[in-house]
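Peer 1: Just dropping this structure here.
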């Protein structure tokens, strides 16, 4: 069925996420819908140690002042992954709202996409519901 997750994204960050999704799709055709790519980003981030997540989060720099809350329906159990990882982060004295944690996970996925593919394709204003 799926469950909803959301994160506040600055406009530039959201455009970068869409571009990274398209670049990854072009390379491997693994995630035909954006929410599946978001879930994969969350799952990879949750699998990291709290120290790895903290180090990667320091690389996130906000350049935009405008943004909005975005939400997606993802695989059941995604909230459990996020909650467990956030608890581990709290034991390491890092306290984040769920939305911020998810935004960081997606930011890291974007950076890894840039490392894999170099220049990302331009993001359309609106993604197709499903890629072919």
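Values quoted throughout were computed directly from the atomic coordinates according to the rules given, and no laboratory measurement underlies them. Treat the numbers as computed from the prediction; the structure is a model and nothing was measured. Cβ atoms come from the backbone with ideal geometry, glycine included; neighbour counts cover every protein chain shown.
Peer 1: Considering the alpha-carbon set of the chain alone, what are its Rg and its Dmax in angstrom?
Peer 2: Reported Rg and Dmax, both Å: 14.1, 43.
Peer 1: Follow-up. Given the Cα-Cα distance of residue 58 and residue 8 and 0.36 nm per residue of separation, how much length would full extension add, in nm?
Peer 2: Between residue 58 and residue 8, full extension yields an extra 16.3 nm.
Peer 1: Along each of its three principal axes, how wide is the spread of alpha-carbon positions in the stretch 48-98, in whole angstrom units, largest first?
Peer 2: So the three principal-axis extents are 32, 28, 15 Å.
Peer 1: A further question follows. Can you compute the helix-only [θ] at 222 nm over the chain? Use -39500 (n - 2.57) per DSSP H run of at least 4 residues, normalise by all residues, nearest 500 deg cm²/dmol.
Peer 2: When only DSSP H runs of four or more count, the value is -18500 deg cm²/dmol.
Peer 1: Still on this structure, please answer the following. Give me the distance in nm between label points sitting 7 Å out from Cα along the Cα-to-Cβ direction at residue 129 and residue 91, one decimal.
Peer 2: With each label point 7 Å from Cα toward Cβ, the separation is 4.3 nm.
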